[in-house]
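Single-structure report; data block below.
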Amino acid sequence: MIRVGLTGGIGSGKSTVARCFLEFGIPVYYADDEAKKLMHSSKVIRKRLVSEFGEAVYEKNELNRQYLASLIFNNPEKLKTINSIVHPEVRNHFKKWIKKQDAPYVIQENAILLENDFRTQFDCIIL
């Protein structure tokens, strides 16, 4: 199966292009949406975030996005730490998702595909 990465800046048309692929029956994996879901549901991510940043990361069993944002706002190292926790789980989730697809190729929409090592998992990239 061919794996295609779809990336670009804000307002560049990623979502529009992704919808076009969907209309043609090509499966699209929305990495940002899946990362948000995994931050809520993945026990691995939860355990590592709490270990790294404390219990306040989850409030009433929900991800405390405001708290996380306050941690990383002016701290690139903490952002890097969060990414190092979340990105591997997104990669693993994508690999499992691919196995469930029945198409000649799949698309992953990912705004930060070129800024990290996500690009290594694709056969080609649409920019």
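The values are calculated or read from the model by the stated rules, or taken from the named source; none is laboratory data. Here the structure is a predicted model, which is why all the values come from computation and not from measurement. Note that each Cβ is placed from the backbone with ideal geometry, even for glycine, and that neighbours are counted across all protein chains shown.
Of the helices (runs of 4 or more DSSP H) lying entirely inside the range 37-127, not one carries at least 3 residues that are under 19 Å from ALA18 (Cα atoms) and among the β-branched types (Val, Ile, Thr). Selection over the range 1-35 of residues that are surrounded by fewer than 12 Cβ atoms within 10 Å (Cβ to Cβ) and part of a strand (DSSP E or B) gives a count of 1. Considering only residues in the range 96-121 that are aromatic (Phe, Trp, Tyr) and modelled with pLDDT of 95 or more, the one that is nearest to THR7 (Cα to Cα) turns out to be TYR105.
With the structure loaded, tell me whether GLU23 is more than 18 Å from PRO88 (Cα to Cα) and acidic (Asp, Glu) or whether it fails that test. For GLU23, the condition - more than 18 Å from PRO88 (Cα to Cα) and acidic (Asp, Glu) - is met. Scanning the range 36-51 for residues that are β-branched (Val, Ile, Thr) and buried (at least 16 other Cβ atoms within 10 Å of the Cβ) yields a count of 1.
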